[in-house]
Amino acid sequence: MSPSTLGDHSGDKWYASHVPDVVVFAESTADVSAVMKYANENRIPVTTRGAGFGYVGGAVPVRGGIVLSTMRMNRILGMHPEDGVAIVQPGVITGDLQAAAHAVGWEYPPDPASLKDCSIGGNIATNAGGPRCLKYGVTRSYVLGLEVVLASGEILRTGGRLHKNKTGFDLIGSFTGSEGMLGIITEATLRIIPKPASRAMLAAIFPEFEMAAAAVQAILNAGHLPSALEITDTFTLAAARKKLGAETFPPGDAHLIVEIDGRPAATLSEIEELHQLLTTLGATFIERAPDEASCERIWKLRREFSFSLRDTGLTKLNEDIVVPRSKLVELVTFARRLEQETGIPIACFGHAGDGNIHTNLMVRDYGDPEIRVHADAALDQLFRWILANDGAITGEHGVGLAKKPWIRQALGETAFATHKVLKNAFDPNGILNPGKFLD
């Protein structure tokens, strides 16, 4: 096998990597089963890899062995609006599934920012989120059935095409978010919903972040449930203005996106109410997007935020922490204080509606060991603050290697021990994605 192929499968979007001994490109459930039987009998580590767009080192084969790629298992096996389900293989790209659902007038709501690149298998393995989680929920809300190859090579099927099914334990919930440590997903039956007839959006500029954060709560308190509610801070806006042009965003230190969907008459009425509300809450500029095309233009700008931060030349430590919605301002206040104390710029943006704010430490020369120690100490302060304030260290990216040092504190000793019991039951020889947060 060529060194380039091995190198390409040595990591994901996180900085760490480790070259595997071999890469296997599975094309069927039978392929996966055969690999696992052989690996289990010979105690060979197996790290499953989807599209490689994870941000926490979850696909790094830290013990070598086999990288099992599912990217050739990329067929949509069925689109069944009569049952409200789609049946897919794990290598299907999320954006392609959405397009296929749209083609029949239906919708697959989960929408991670990397939807044009990430795969359904990876989404399920991390229980991925996205902007529309506020109204529609994360990936787990859409997984009705799974086919999973266990560490032994046995094939397990759980759930199916039914939208209600309370038969036995929630095995689907165990595999969703398991980060490749309990089994390998080879097929998924996913819930789809009727596509909303219309959507509209407001993009508002506020003089300061605190005002935009207050607007988030005010919108919800007024009885609105947007499909997405996204907030952006000063540092991120400055980076976006530099990359996309100063005229892209009017002056102001905070940006708020409010998206709604539903029946056309209802959407038209609600967007008017929201426009008036944002005006009373101090927005200095409001752009209205009344249709699909104009909404997509604003989303295109939103998806540029991460790329704008990368263009600063700094290493972006992308932390998808979650806080109670009432603590958004406290989080950003803490981030500013941490920035002053450490000298590390911190960019905050993301899903304000559910408290999942991407808090990005922007580090110069992260490859320098001394600087890395300094940056990791700042991360430790951030995660400790998050946990002390009833938050979570990850909302959608997962734990992987990146957040491994904090997992015991995040789970608690009893929950951590329970995770180990489950791991040992599903994978007694410890060959599935070893070296991650349970080791």
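For this structure, a couple of remarks:
- Taking only protein heavy atoms and a 1.4 Å probe, the accessible area of the chain is 54% carbon and sulfur.
- Between the listed residues Ala417, Gly95, Phe307, the Cα displaced farthest toward the positive end of the dipole of the chain, a dipole computed from Cβ unit charges relative to the Cα centre, is found at Ala417.
- Cα gyration tensor category, rounded, prolate or oblate, for segment 82-220 with a/c compared to 1.5: prolate
- With R₀ fixed at 51 Å, the C-beta to C-beta distance from Ser4 to Leu225 puts the FRET efficiency at about 0.60.
- Look at where the Cα atoms of segment 186-223 and of segment 49-93 average out, and the two centres are 27 Å apart.
- On Cα atoms only, tilt of 29-42 relative to the major axis of the chain in degrees: 60
- Between Arg43 and Glu273, residue separation times 0.36 nm minus the direct Cα-Cα distance comes to 76.7 nm.
- What segment 165-227 shows is 36 Å² of accessible area per residue, with the surface traced by a 1.4 Å probe over protein heavy atoms.
- Test item: Cα-centred dipole of segment 208-324, Lys/Arg +1 and Asp/Glu -1 on Cβ, debye: 400
- Local electrostatic count, Asp83, Cβ distance below 10 Å [Lys/Arg +1, Asp/Glu -1]: +1
- The residues of segment 261-402 expose on average 45 square angstrom of accessible surface per residue, using a 1.4 Å probe on protein heavy atoms.
- Cα-based helix-to-principal-axis angle, 328-342 vs the chain, degrees rounded to 10: 80
- The chain: angle of helix 264-280 to the longest principal axis, Cα-based, in degrees nearest 10: 60
- Ranked by the mean number of other Cβ atoms within 10 Å of their residues, highest first, the peptides 286-295, 15-24 fall in the order 15-24, 286-295.
- Charge tally for Met1 (other residues, Cβ to Cβ under 12 Å; Lys, Arg +1; Asp, Glu -1): -2.
- Positive-pole candidate from Gly435, Phe209, Leu134, dipole of the chain, charges at beta carbon: Gly435
- Label positions at Asp291 and Glu341, each projected 7 Å from the Cα along the C-beta direction, are separated by 5.2 nm.
- Highest to lowest packing among 272-281, 430-439, scored as the average C-beta count within 10 Å: 430-439, 272-281
- The Cβ shell under 10 Å around Met181 holds other residues with a net charge of -1, Lys and Arg each +1, Asp and Glu each -1.
- Listed options for percent of Cα pairs over 39 Å apart are [x] 21; [y] 17; [z] 44. The value calculated from this structure is the one marked [x].
- When each of the peptides 123-135, 163-175 is scored by how many other beta carbons lie within 10 Å of its residues on average, the order from highest to lowest is 123-135, 163-175.
- Legend: calculated FRET efficiency, Glu154 to Ala197, from the Cβ-Cβ distance at R0 = 56 Å, rounded to 0.05, equals 0.80.
- In this rough spin-label picture, where each label sits 7 Å from Cα along the Cβ direction, the Val373-Ala425 distance is 4.3 nm.
- The mean sequence separation of alpha-carbon pairs under 8 Å and at least six residues apart, normalised by the residue count of segment 61-197, gives a relative contact order of 28 percent.
- From the alpha carbon centroid of segment 248-291 to that of segment 402-439 is 44 Å.
- Contour minus Cα-Cα distance for Arg75 and Gln409 (0.36 nm per residue): 116.2 nm
The values are calculated or read from the model by the stated rules, or taken from the named source; none is laboratory data. Everything quoted here is computed from the prediction, not taken from an experiment. Cβ: placed from backbone, ideal geometry, glycine included. Neighbour counts: every protein chain shown. Side chains are part of the model used for accessible areas, which takes the heavy atoms of the whole protein and leaves out ligands, DNA and RNA. Shrake-Rupley method; radii C 1.70, N 1.55, O 1.52, S 1.80 Å.
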